[in-house]
Amino acid sequence: MVTNVATVRRKLTENLKRVRDSIEAAANRARRDPRDIRLIAVTKYVDLDVIRQALELGLLDLGESRAQQLNQRAGMIHEFIERRNVLAGRGVNISRPRWHMVGHLQRNKVKLVLPWAEMVHSVDSLRLAEDLHIQATRLGRVVDILLQVNTSGEKSKFGIAVGAVPHLYEHLESWPGIRLCGLMTMAPADCPPGELRLYFERLRDVFEDMRTEYKLGEHFRELSMGMSSDYEIAIDCGATLVRIGSSLFEGLMNPAAQETEEDE
């Protein structure tokens, strides 16, 4: 793992250019505007120093998969930014990041996430959506959410069944504390490209059906799908949010923090 600050910045700059070039190339092949695709930097395997460098390089959309870690890191990064901006005075300030909860969220962890997360990608039940609405209302805010859809039908995967998505939406549309902005899915690990495309296209079809059937407004525009191993295929299938960790932070990840998980 790289530890020198200058070396971290150089390595991260190289990785970021490679990933952004790859996103642009995938978008061009799909005849899409690369600006319509947002990179979510999944930071769970890197230390705070790397996250600070990422912010300085303009990576403002940060994703975490664990509620406790998101709460701790967001708080520490917030303090760092406040100190830096006070010291900078009228100089160049560091922008605050937009935190995304991209992993499975337990209902008893909602209070840890909502003070920081601007978007929760992994809403997979009506009860979780209700808890998010209640807590967001108490905080006087609206939280953007995505419904996680189990497009592969795997029993080991979290997510709503494809056929249940409209039914769930009809229940949550009256809750002002949450705003449905789109859908999310996670493809099976080690899945052949042809099958990957099938699962991503299935999510896009559900998305388009929702837009046709309901008046969801301009905010319903996000398809969160694709990680380091498959984001190019996801972009070809319509992804607007790609959740990338290992490709972006190659050579910068903390070995002690790495473990096998199904998300980035």
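The values are calculated or read from the model by the stated rules, or taken from the named source; none is laboratory data. Please read all numbers here as calculations on a predicted model, not as lab measurements. No Cβ is skipped: glycine too gets one built from the backbone with ideal geometry, and neighbour counts run over all protein chains shown. Surface accessibility is based on the protein's heavy atoms, side chains included, excluding ligands, DNA and RNA. Shrake-Rupley method; radii C 1.70, N 1.55, O 1.52, S 1.80 Å.
Brief remarks on what is shown
- Tally of residues being open to solvent by 30 Å² or more (accessible area, probe 1.4 Å) and either touching a Pro at 6+ places or on another chain (Cβ under 7 Å) or over 22 Å from residue 220 (Cβ atoms) (or both) across the range 143-162: 4
- Criterion (at pLDDT 95 or above, open to solvent by 10 Å² or more (accessible area, probe 1.4 Å), touching a strand residue (DSSP E or B) at 6+ places or on another chain (Cβ under 9 Å) and among the small types (Gly, Ala, Ser)) met by exactly one of 182, 177, 238: 238
- Some residue of the range 205-214 being touching a strand residue (DSSP E or B) at 6+ places or on another chain (Cβ under 7 Å), over 27 Å from residue 250 (Cβ atoms) and either of a type in the set (Gly, Ala, Ser) or modelled with pLDDT of 95 or more (or both): yes
- Any pair with Cβ under 8 angstrom, 6 or more apart, that starts in the range 144-161 at a residue that is at positive phi and ends at one that is acidic (Asp, Glu): 159/124
- The residues listed here are 71, 108; of these, the one that is loosely packed, with under 13 Cβ neighbours inside 10 Å, assigned to a helix (DSSP H, G or I) and modelled with pLDDT of 95 or more is 108.
- Every residue from the range 221-235 that is without any contact (Cβ under 8 Å) to a residue 40 or more places away in the chain and open to solvent by 60 Å² or more (accessible area, probe 1.4 Å): 229
- Residue pairs meeting the criteria (Cβ under 6 Å; at least 6 apart or on separate chains; first basic (Lys, Arg), in the range 208-220; second open to solvent by less than 60 Å² (accessible area, probe 1.4 Å)): none
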